[in-house]
Structures are given as structure tokens and as C-alpha cells.
1. Take Thr105 and decide whether it is of a type in the set (Ser, Thr, Tyr) and surrounded by 17 or more Cβ atoms within 10 Å (Cβ to Cβ).
2. Just for the range 55-102: of the residues that are charged (D, E, K, R) and loosely packed, with under 13 Cβ neighbours inside 10 Å, which one is nearest to the chain's Cα centre (by Cα)?
3. So which of Pro68, Pro118 ends up being in a loop (DSSP other than H, G, I, E, B), out of contact with any Gly (no Cβ under 7 Å at 6 or more places or on another chain) and modelled with pLDDT of 90 or more?
4. Looking at Val153, Val103, Val136, Val126, can you tell me which residue is modelled with pLDDT under 95, in contact with a Gly (Cβ under 8 Å, 6 or more places away or on another chain) and under 23 Å from Arg49 (Cα atoms)?
5. Is it fair to say Gly106 is part of a helix (DSSP H, G or I) and under 20 Å from Cys150 (Cβ atoms)?
Amino acid sequence: MSETPENPAGVVSGPEKSTLDIVEIMSILPHRYPFLLIDRVVEMERKRRIVAIKNVSVNEPHFTGHFPDYPIMPGVLMVEAIAQAGGALLLTEIPDRESKLMVFTGIEAAKFRRAVVPGDQLRIEVTVLNWRTTAVKLLGKTACEATITCMLVPRGGKPKPAEAPAA
């Protein structure tokens, strides 16, 4: 749909989409295997809430070393799954999302409730706490809980290196 005075962003209107399959998720998020951590969106309310599913498989590469005799999903990947679900919600609102990336700007109050092991199905519930045009604060719950903040940045070019702390 092209831009019009009634629709300045050129956003496609019509019935609201409340679920996404893996192909639709891949059309929204830039992540790919082995780092795409959501398989399906089962509920979605624009700018409010999203529920995604991650099917945890023993074939995932992180289980090779975390831990070989007791495979558990790293907590940082559960937090990343929360961010990806939030990204799927946020980026559906961005008409030029092909030229943007959503990046972490903060993680607060992360709590890990239970171990996630191969064979589990992780249900990732994300609620929007604060929504701005280029930034969002989200509360995510799964086997862990965390408040994360993310922002949109232009895609392309190299990221700037982190500055070393002063000695």
C-alpha cells in the first residue's frame, strides 16, 4: 500500500493478524538458525502483547557444551527469546523494517524460574510497558522473567566498537 494523506506511513490495513508462522517470523526478524529463537506466534495484540512458542530440541548447538551430561538452555538465550518475541511485535509496526534492526539497550530484574531442557516447549509472554516510535520497554515471562529495553537503529554498516574503560 502506498502513502496517502489518510495513511502517511503506507501501512497495510485490514484484519489484524494475531498469529505468525515461522516463514512470517523470518520475514520480520533478521535472525536465522541457530539464533532464531521463536518458532511460532500464537497471540498478538498490536503494541500491547505477544505470546510466542520456542520448541527446544536436543539438536541445538548450545547443548553440546551447556552441559553435555545435563543439557539446559542458557538463561541468556531465554532472555534473547523474549527480545525476539518483542521484536516481532515491534517490527510489525515499522513499514521500513528492512532497513532497521532492534537492539538491546537494557536488561533489568532478570529472574530464572526453572531449567529448560530438550523436549520442552517454551511459552514466551511479552507485555509492552512503554512504547515509543523507536524504542520499547517490555516485560517478558517464560521460564525466566526480565524487563528489557530495546531500540531501533539503522541497519547496515559496522557496529561501533565498545570503548574500553579508563585505567
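The values are calculated or read from the model by the stated rules, or taken from the named source; none is laboratory data. Owing to the predicted nature of the structure, the values given are computational and were not obtained by experimental measurement. Please note: Cβ atoms are built from the backbone with ideal geometry, for glycine as well, and neighbour counts cover all protein chains shown.
1. It is false that Thr105 is of a type in the set (Ser, Thr, Tyr) and surrounded by 17 or more Cβ atoms within 10 Å (Cβ to Cβ).
2. Once the filter is applied, the top-ranked residue is Glu98.
3. Testing whether each residue is in a loop (DSSP other than H, G, I, E, B), out of contact with any Gly (no Cβ under 7 Å at 6 or more places or on another chain) and modelled with pLDDT of 90 or more leaves just Pro118.
4. Sole residue among the options that is modelled with pLDDT under 95, in contact with a Gly (Cβ under 8 Å, 6 or more places away or on another chain) and under 23 Å from Arg49 (Cα atoms): Val136.
5. Numbers: part of a helix (DSSP H, G or I): no; under 20 Å from Cys150 (Cβ atoms): yes.
Answer is no for this residue.
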